[in-house]
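What follows draws every value from the coordinates through simple rules; no lab data is involved. Computed from a predicted structure; not experimentally measured. Cβ coordinates were reconstructed from backbone atoms using ideal geometry, including for glycine residues, and neighbour counts include every protein chain displayed.
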Amino acid sequence: MEENDTEQNDIQGSEEDEELIEVCPVCGSPDLYYEAGGTEGLYHCKYCGYIGGFVIDANRKMMQLIRDEYESKLRVSE
Ligand SMILES: [Zn+2]
């Protein structure tokens, strides 16, 4: 019986969350599309329907926080 126990304890913790993505300021969804129209474009959020010229540059943690808050508000307003 061969115990080929090659435990690979590769520490993959160097995956940093510092990459910023544009997310919806209302619901934290990154699922935005930018619509160029007139002199300035507007962001549309596919998730909550937000339309505006303002989005948040967030890392994944921030995005999750905004999303959590949005969903907890949804529950409260039920
Ligand atoms: Zn949204």
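Other residues lying with their Cβ under 11 Å from the Cβ of CYS24 contribute a combined charge of 0, Lys and Arg counting +1, Asp and Glu -1.
Sorted on the mean count of surrounding Cβ atoms within 10 Å across their residues, most packed first, peptides 63-74, 28-39 read 63-74, 28-39. Extent of segment 21-76 along its three principal axes (Cα atoms, max minus min coordinate, largest first): 37, 23, 13 Å. Each residue of segment 33-45 is assigned a 3J(HN,Hα), and the resulting list reads 10, 9, 10, 7, x, x, 7, 9, x, 10, 8, 10, 9 Hz, derived from the Karplus form 6.51 cos²θ - 1.76 cosθ + 1.60 (θ = phi - 60°), x at Gly and Pro.
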